[in-house]
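Asks: Could you have a look at this structure, given as C-alpha cells, before my questions?
Read the figures in this text as sums done on the coordinates, not as results from a lab. Predicted model, so just to flag it, every value in this text is computed and none were measured. Neighbour counts run over all protein chains shown; Cβ positions are idealised from the backbone, glycine included.
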Amino acid sequence: MKHAADRHTAELPGLDTPRRRGRPSLGARPMTPAERKRRSRQNAGTTSLELDHAFVKWLRRQAQQQGVSVGELLMARFGVK
C-alpha cells in the first residue's frame, strides 16, 4: 500500500485495495454511543413469554396442589436450579 499523497509510485496490477480494520459497521454509518448502548441493552435483556390465560390458570392449580409457587413448578419442570 502506498501513501495517499504519493503521486510517483505506481499501483501494482492485480492487487485489491486493503480492507478497513475492525468489525464492519451494521449500517451506512457507525453507531453513536447511545445507539450502541441501546442495542446492547436490547440484546442482554430477558426474554418475554406470552402465555394463554387457561394455561396460567392450570399452572396455578398445579402449583397449589403441589404446595409450591408457579416459579418453583416451572424451574423443577425444566431443570433450572
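Asks: How about region 1-78: which GluC sites (Glu not before Pro) there lie in a loop by DSSP and see at most 12 other Cβ atoms within 10 Å?
Replies: For GluC sites (Glu not before Pro) across region 1-78 that sit outside H, G, I, E and B with at most 12 neighbouring Cβ atoms in 10 Å, the list reads E11, E50.
Asks: Identify which of the listed values of volume of the Cα convex hull per residue in Å³ was calculated from the structure shown: (1) 140; (2) 227; (3) 96.
Replies: Correct label, based on the coordinates given: (2).
Asks: Between Q66 and A44, what FRET efficiency comes out of the Förster formula 1/(1 + (r/R0)^6) with R0 = 35 Å and r the beta carbon distance, rounded to 0.05?
Replies: That pair, A44 with Q66, gives E of 0.60.
Asks: Could you give the length gained on full extension between R29 and H8, defined as 0.36 nm per residue of separation minus the Cα-Cα distance, in nm?
Replies: 4.3 nm
Asks: Additional query: Please give the charge dipole size of the chain, origin at the Cα centre, charges +1 on K and R Cβ atoms and -1 on D and E Cβ atoms. Round to the nearest 20 debye.
Replies: 260 debye
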